[in-house]
1. Restricting attention to the range 15-65, which residues are more than 18 Å from residue 81 (Cβ to Cβ), touching a residue at least 24 places away in the same chain (Cβ under 8 Å), in a strand (DSSP E or B) and more than 18 Å from the chain's Cα centre (by Cα)?
2. Regarding the range 160-175, can at least one residue be identified that is surrounded by 17 or more Cβ atoms within 10 Å (Cβ to Cβ), touching a strand residue (DSSP E or B) at 6+ places or on another chain (Cβ under 7 Å), at pLDDT below 90 and closer than 29 Å to residue 71 by Cβ?
3. Name the single residue that is modelled with the lowest pLDDT among those in the range 190-203 being part of a loop (DSSP other than H, G, I, E, B) and either closer than 27 Å to residue 139 by Cβ or within 21 Å of the chain's Cα centre (by Cα) (or both).
4. Having 3 or more residues that are free of Cβ contacts under 8 Å to residues at least 40 places away in the same chain is the bar; report the strands (runs of 3 or more DSSP E) wholly within the range 75-122 that clear it.
5. Condition test on residue 132, is it modelled with pLDDT of 90 or more, within 12 Å of the chain's Cα centre (by Cα), buried (at least 19 other Cβ atoms within 10 Å of the Cβ) and under 24 Å from residue 68 (Cα atoms)?
């Protein structure tokens with residue numbers, strides 16, 4: 001089974017050394033539908049009990065997690081990828097929501113606002129890539145301010161596209177509420193996420 005946003009199939013490209021390289025889904029949709037069951041939706045979907053997709057983040061009042069070399073092509077014209085298909089996973093626990101981000105191209109704050117509004121529960125933790133690689137100090141300060149005011153006590157387990165500069169800025173202000181979470185790390189009990197800063201191990 002494949003759960004995804006309904007906008008996953010339009011071709012996507014990366015501009016490298018002056019040339020556009022296809023980076024989208026290489027398998028034709030008709031073939032993919034014969035190989036697996038597709039569940040495509042712009043709205044959140046429950047995959048397993050208490051595990052959901054976030055659905056598409058349509059309201060984007062904050063900057064997106066954009067990469068300047070990623071494009072789509074419409075009517076023979078190249079446009080920056082709008083990342084309409086960007087979604088995350090949402091795990092419901094007795095204490096609140098855990099948001100698991102892939103690359104968060106929709107923007108970390110946009111994503112968290114969307115999840116909080118839809119599921120109407122507090123977000124207690126974020127795991128994955130925040131895509132703050134290209135964020136300047138002013139925006140990082142804004143992100144930290146929002147985390148403190150709107151998501152007080154939020155635990156962050158970050159990796160991938162979060163960015164070293166962003167991690168350094170966040171760790172100076174958030175202390176032990178943030179830590180790196182490289183491949184192979186393990187969270188022992190997601191129902192007690194607030195006490196898991198020592199519950200991850202690196203291999």
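1. Correct list: 38, 39.
2. yes
3. Filtering the range 190-203 for residues that are part of a loop (DSSP other than H, G, I, E, B) and either closer than 27 Å to residue 139 by Cβ or within 21 Å of the chain's Cα centre (by Cα) (or both), the one modelled with the lowest pLDDT comes out as 200.
4. 77-80, 97-101
5. Considered against the rule, which asks whether it is modelled with pLDDT of 90 or more, within 12 Å of the chain's Cα centre (by Cα), buried (at least 19 other Cβ atoms within 10 Å of the Cβ) and under 24 Å from residue 68 (Cα atoms), residue 132 comes out as yes.
The values are calculated or read from the model by the stated rules, or taken from the named source; none is laboratory data. Computed from a predicted structure; not experimentally measured. Neighbour counts are summed over all protein chains in view; Cβ atoms, including those assigned to glycine, are modelled from backbone coordinates with ideal geometry.
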